[in-house]
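Following: one structure in C-alpha cells, then a few remarks.
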Amino acid sequence: MTEPTYIGPPNEPYAPQPRPANRRSRRWWITVVVVVVAVGTTVALTLTLTGGSSGNPGRYGRRAVDVIHELHLCDQPEVLSDSAASCQFQGAPGGVAVSTSGSETEQNFLVAMVKDTRSACTVVVTGYLVDAPTVDMLTRAIGIPSAFAAKHHGYLVGRCN
C-alpha cells in the first residue's frame, strides 16, 4: 500500500493567508479605555464627595427657573429666558430676579454689570445671582442676605446693609 500524497487546490494562484489581528494593538486600546474610564470615575467620585472643585463647574449653566424652584423663592416665576427669571410678590412693588451664568467669566461679567447699575442688593453665588430693588424685598425672598450668602458660599454686592 502506498501513502496518499497531498494534492493542492486545482489551478488556484497562491493567496497569502490573512494575518491575525494585531493583538498588541488591541491590548493597547483596551488598556487606554480602562485607564480613561478609571480616571473619569475617580474624578467624578471625588467631585461628588467634595462638592466640586474650587471653581465648582457643575453649578454653572443651570436654568434660572430651576434655581428659583430650588431656593423656593416663589411658586410661579416669570421666565424671561433660560438664564433669567423673576418672582413678583403680592402687595409689594418690584420683585426678585435670578440670573444664571454658564461660566465663571460670564458670572464675573454679570457682577460687573450689577455693580455698574448700583443695584440695591445682590447676592452672588457660584452659578447665579439673586437681585432685588430693595433690601427688604430680598430679605422677604431669601431671608437675611448676609446669612444666605454665607450659607451658599457667596457674597453680597450693592447696598445690602
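Some observations on this one:
- Test: residue in segment 55-66 that is modelled with pLDDT of 85 or more and loosely packed, with under 15 Cβ neighbours inside 10 Å: yes
- Unmet criterion (only one of (1) crowded, with 16+ Cβ neighbours inside 10 Å; (2) modelled with pLDDT under 85; (3) part of a helix (DSSP H, G or I)) for A141: (2)
- For the residues T126, T134, the requirement of being assigned by TED's automatic domain parsing to the domain that holds G95, surrounded by 14 or more Cβ atoms within 10 Å (Cβ to Cβ) and in contact (Cβ under 8 Å) with a residue 60 or more places away in the chain singles out T126.
- Counted residues, segment 93-123 - those being farther than 18 Å from R159 by Cβ and surrounded by fewer than 17 Cβ atoms within 10 Å (Cβ to Cβ): 7
The values are calculated or read from the model by the stated rules, or taken from the named source; none is laboratory data. For clarity, every value in this text was computed on a predicted model and none was experimentally measured. Note: ideal-geometry Cβ built from the backbone for every residue, glycine included; neighbour counts use all protein chains shown.
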